[in-house]
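Working notes for the structure below.
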Amino acid sequence: MDTRKKIKFGVIGAGKIGNYHCRTLSQMEETELVAIADINHARAQKLGWKYNAMAYQDYKAIFPQVDAVIIAVPTEFHASTALEAIKKKKHVLIEKPITDSVEDAKLLLEASEKAGIVLQVGHVERFNSAVIETMKYIKKPKFVAIERLGPFDPRVAGIGVTLDLMIHDIDLVLAMIKSRIESFEAIGASLLSEHEDIANVRIRFKNGAVADITASRITLEKSRRMRVYQEDSYISVNYVSSLMKIYRKKNPVVKSLDDIEVVFPKIETKQPIKEEILHFIDCINNSKKPLASGERGLEALKLTLEITEALKKYELKQPNKLFSKNSLFQSLVDVGKVTRVFIEEKLKDSGIEKS
């Protein structure tokens with residue numbers, strides 16, 4: 001029987017993600033949710049009443065009461081909030097992206113190393129049951145295709161879909177393909193916000209592997225799929241339904257479909273956010289480096305910011321645009337413009353000039 005005392009947690013940020021963390025912590029035997037902080041005190045108090053925790057407007061007031069904090073504030077406040085927690089030697093689980101700049105991320109890594117605390121980044125897809133099962137079968141991927149599509153959420157309109165959603169899959173690809181990046185090609189369009197709402201990137205690695213990632217927040221239905229092609233198999237994964245299929249050759253030479261077997265690995269569905277917190281606790285108790293460490297968070301952030309910068313060449317920012325029939329039509333026209341430019345660039349790269 002594990003006689004370790006419960007880890008006392010504080011949650012900083014009482015928005016949608018903070019609420020998820022509060023609910024999860026309140027239901028776990030390994031944790032005690034002690035305090036919740038938010039600049040909107042009424043919002044923090046509402047969660048405090050709901051989950052039997054103290055509520056504060058000043059997040060610094062929770063440090064004397066807790067062992068660890070979960071930071072779920074807007075990205076631009078990640079660095080300053082985390083640094084204050086690290087100064088007080090509190091273990092930190094910070095939502096992705098780790099920060100909004102490479103420089104600030106490096107500061108967090110240096111500070112956490114000096115303080116001797118655990119710094120984990122909230123790349124929660126690493127704890128998705130379907131992803132965990134998939135990783136068991138990954139060998140040397142030649143081509144990886146991932147799509148993450150979903151509806152628009154005004155809550156995160158302040159950043160583009162690349163930093164908001166695609167960074168999850170960039171992190172997974174970097175974990176799967178153990179090779180340095182050679183180059184990437186990115187395309188995107190703004191439809192409903194001032195930032196890219198749909199984006200695609202093709203990443204080429206020095207070992208010859210290629211990853212194609214698409215992220216969209218203009219799709220009414222959620223879709224999260226991954227396809228991995230490697231020498232002896234093809235793996236198809238649906239993150240949402242936790243359905244996984246593996247196509248494998250039964251014989252060295254495939255003459256018909258009879259020479260291919262399809263395997264459906266059994267996936268034990270678990271709550272990703274709970275598994276993420278359990279992993280965080282394990283790292284605290286056993287002085288381990290998290291799977292989604294600060295270093296991995298920095299690596300994903302660096303590539304994501306480079307992709308975001310590359311998307312600026314399409315000049316699709318449309319400030320103060322209201323969603324209307326006309327704006328949607330114009331946005332679709334913009335997608336067409338981006339596609340045309342992208343195709344022309346690829347033809348030019350291949351030595352074919354536009355007539």
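General remarks:
- Taking each DSSP H run with n ≥ 4 as -39500 (n - 2.57) and averaging over every residue of the chain yields -11000 deg cm²/dmol at 222 nm.
- For q = 0.17 Å⁻¹, Debye-computed log10 I/I(0) when each Cα of region 1-59 counts as one equal scatterer: -0.47
- Ellipsoid semi-axes in whole angstrom, largest first, where each is sqrt(5λ) of the Cα gyration tensor of region 184-254: 30, 18, 7
- Rounded to the nearest 20 debye, the dipole magnitude of the chain is 540 debye, with +1 charges on Lys and Arg beta carbons, -1 on Asp and Glu beta carbons, and the Cα centre as origin.
- Nearest-ten-degree value, helix 41-51 long axis tilted from longest Cα axis of the chain: 80
- Here's the picture: charge each Lys and Arg Cβ at +1 and each Asp and Glu Cβ at -1 in the chain, and of VAL240, GLY122, ILE167 the one pushed furthest to the positive end of that dipole is VAL240.
- In terms of overall dimensions, the chain has a Cα radius of gyration and Dmax of 22.0, 75 angstrom.
- Net length gained if the chain between THR269 and LYS87 were fully extended (0.36 nm per residue, minus Cα distance): 61.8 nm
- Approximate spin-label separation LYS6-LYS245, in nm, with each point projected 7 Å along Cα-to-Cβ: 4.5
- Among ILE273, ILE203, ILE98, sorting on how many other beta-carbon atoms sit within 10 Å of each Cβ, with the fewest leading, yields ILE273, ILE203, ILE98.
- The chain: angle of helix 325-349 to the longest principal axis, Cα-based, in degrees nearest 10: 60
- Ranked from largest, the principal axis spans of the Cα set of region 125-259 equal 52, 34, 27 Å.
- Distance histogram in 5 Å bins (all Cα pairs of region 86-136, percent per bin): 5, 19, 22, 19, 14, 11, 9, 1
- Using only alpha-carbon positions in region 1-130, the gyration tensor eigenvalues give semi-axes of 21, 18, 15 Å once each is multiplied by 5 and square-rooted (largest first).
No value in this document is a laboratory result; all are computed from the given coordinates. Everything quoted here is computed from the prediction, not taken from an experiment. Note: ideal-geometry Cβ built from the backbone for every residue, glycine included; neighbour counts use all protein chains shown.
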